[in-house]
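> This is the structure I want to talk about, given as structure tokens.
The values are calculated or read from the model by the stated rules, or taken from the named source; none is laboratory data. Being a predicted model, the structure only gives us computed values, none of them experimental. For neighbour counting, all protein chains shown are included, and Cβ atoms are generated from backbone atoms with ideal geometry for every residue, glycine included.
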Amino acid sequence: MAKRRASTEGEVSLFPFLSILACLIGALVLMIVVLVIAQVGKAEGRSAEEIKRAQEYIQMKKDIKTREELDVALKEKVAVLDEIKKQLEDRQQRFAKLRKLLDTSKDIQETNLKLSQQMQKELDDLLLELDGLKKQQAESKAEIDKLMAEIKSRDVPPDKKIPPVVVQPSGAGMAEGTKVFFVEAASGALKILGAWGKEDYRLSATAEVVLADVAYNHFLTEVAKIPNALVLFLVRDDGQGAFNNGAGRADNDYKIRIGKLPIPGRGVLDLAMFEKFRGKILPPPAAAPAADDAKKKAEAPKKAETPKK
């Protein structure tokens, strides 16, 4: 009798699962390769031109610091010289008085011989002291001249201006259709760069001004209406506080996408590489009086009225 063939209905094929697993492994490998390439691109650092500008900026800061130290030393020397001049004038006055007393009549000299001898000794001491002061004055002048010459040698030549700072898109650049608006943050102030024309608009970066400034809030309102808009804050070395207030207002209250780009040095900003991405809005209306001022003007007549008895 032939054997009964075992049923295969309960068997499960593993081939589909192995195919899915292979696809996942391939996708992970591809993601790892992309991340490695991105990290290698970031590791390349700044360009040679940016490194050169940064080195020039550091050297200029060192020169400025050295010049400030020389200025302090020069002021100290000038103060010492003034004190020497004052002492010299005092000694000369005393010398004139003593000389006048010595030139009096013969009778008085004989009567006051002892006093004259004492005064002569004091006069000699004064002359020696005057010689020492004059010598010290000459040395101080020579040292001051030397310091002045060194300060002059460290002056930045008029033809050597601070190089401009070229602002470049980071990473892979800007997405197509993005409209970029620039705000410079530096030293307690914000500056909207050419958003509604060629001129810039500057305002204080205090929280009160950022909250109430008509032009800045008009700027944020109009930018919030533009799809794919980006407000890029260019933050100088001393502009972190200004960035916090300005960007916080744009992000929290207007839900605008913001970016931050640190700017080294004090050179003029060159935004030529963003020209085709820059957005434009209509200029703000004429500045309206603040709400507090309007309220005060409305209440003024009421306060001026006095009840009649």
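> Restricting the first residue to region 26-42 and requiring it to be closer than 20 Å to PRO169 by Cα, which pairs with a second residue that is loosely packed, with under 10 Cβ neighbours inside 10 Å and modelled with pLDDT under 90 meet a Cβ separation below 6 Å and a spacing of at least six or different chains?
Pairs found: none.
> Further question: Quick one: which strands (runs of 3 or more DSSP E) lie wholly within region 197-262 and hold at least 3 residues that are more than 22 Å from PHE277 (Cβ to Cβ)? Give the derivation first.
Values: elements: 201-204, 229-235, 258-262.
The strands (runs of 3 or more DSSP E) meeting that bar are 201-204.
> Filter region 194-204 for residues that are at pLDDT 95 or above and buried (at least 17 other Cβ atoms within 10 Å of the Cβ) and give the result. So that I can check it myself, show each step before the final result.
Of all residues in region 194-204, those at pLDDT 95 or above come to 201-204.
Residues satisfying the conditions are TYR201, LEU203.
> Related question: Residues LEU88, LEU101: which one is surrounded by 13 or more Cβ atoms within 10 Å (Cβ to Cβ), among the aliphatic types (A, V, I, L, M), modelled with pLDDT of 85 or more and assigned to a helix (DSSP H, G or I)? Spell out the reasoning first.
On the way: LEU101 fails: modelled with pLDDT of 85 or more.
Result of the check over LEU88, LEU101: LEU88.
> Okay, next question. So, in region 1-40, exactly how many residues are surrounded by 10 or more Cβ atoms within 10 Å (Cβ to Cβ) and at pLDDT below 60?
0
> When you scan region 174-196, do you find a residue that is aromatic (Phe, Trp, Tyr) and assigned to a loop (DSSP other than H, G, I, E, B), even just one?
Within region 174-196, the subset aromatic (Phe, Trp, Tyr) is 181-182, 196.
Then keep just the ones that are assigned to a loop (DSSP other than H, G, I, E, B); that gives 196.
The answer is yes, given that some residue of region 174-196 is aromatic (Phe, Trp, Tyr) and assigned to a loop (DSSP other than H, G, I, E, B).
> Another question, if that's okay. Which ones in region 230-264 are over 16 Å from GLY188 (Cβ atoms), among the small types (Gly, Ala, Ser) and crowded, with 18+ Cβ neighbours inside 10 Å?
Matches in region 230-264: ALA250 only.
> GLU56: under 32 Å from the mean Cα position of the chain (by Cα), at pLDDT 80 or above and more than 30 Å from GLN136 (Cα to Cα), yes or no? Lay out the reasoning, then the answer.
Working: under 32 Å from the mean Cα position of the chain (by Cα): yes; at pLDDT 80 or above: yes; more than 30 Å from GLN136 (Cα to Cα): yes.
In short, yes.
> Of the conditions (1) modelled with pLDDT of 70 or more; (2) more than 30 Å from GLU143 (Cα to Cα), ARG46 clears all except one; give me its number.
Unmet condition: (1).
Quick grid of which residues meet (1) closer than 21 Å to LEU269 by Cα; (2) modelled with pLDDT of 80 or more; (3) in a helix (DSSP H, G or I):
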{"position": "LEU115", "(1), (2), (3)": "no, no, yes"}
{"position": "LEU123", "(1), (2), (3)": "no, yes, yes"}
{"position": "LYS135", "(1), (2), (3)": "no, yes, yes"}
{"position": "LYS152", "(1), (2), (3)": "no, no, yes"}
{"position": "VAL156", "(1), (2), (3)": "yes, no, no"}
{"position": "GLY171", "(1), (2), (3)": "yes, no, no"}
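> What pairs come out if I take residues in region 66-79 that are in a helix (DSSP H, G or I) and pair them with residues that are among the polar types (S, T, N, Q) whose C-beta lies under 6 Å away, six or more apart or interchain?
Correct list of pairs: LYS77/SER140.
> Right, next: If a residue must be exposed (fewer than 14 other Cβ atoms within 10 Å of the Cβ) and either at pLDDT 50 or above or assigned to a helix (DSSP H, G or I) (or both), how many such residues does region 265-309 contain?
Going residue by residue through region 265-309, those that are exposed (fewer than 14 other Cβ atoms within 10 Å of the Cβ) are 268, 270, 272-273, 275-276, 280, 282, 285-309.
With either at pLDDT 50 or above or assigned to a helix (DSSP H, G or I) (or both) added as a condition, the list becomes 268, 270, 272-273, 275-276, 280, 282, 285-286, 291-304.
Final tally of qualifying residues: 24.
> Give me the pairs, please: first residue somewhere in region 256-272 and closer than 13 Å to LEU232 by Cα, second residue anywhere and surrounded by fewer than 16 Cβ atoms within 10 Å (Cβ to Cβ) and modelled with pLDDT of 95 or more, beta-carbon distance under 9 Å, and either six or more positions apart or on two chains.
ILE256/ALA224; ARG257/ASP251; ILE258/ASP251
> Looking only at region 207-226, count how many residues are over 13 Å from ILE281 (Cα atoms) and either surrounded by 15 or more Cβ atoms within 10 Å (Cβ to Cβ) or in contact with a strand residue (DSSP E or B) (Cβ under 8 Å, 6 or more places away or on another chain) (or both).
4
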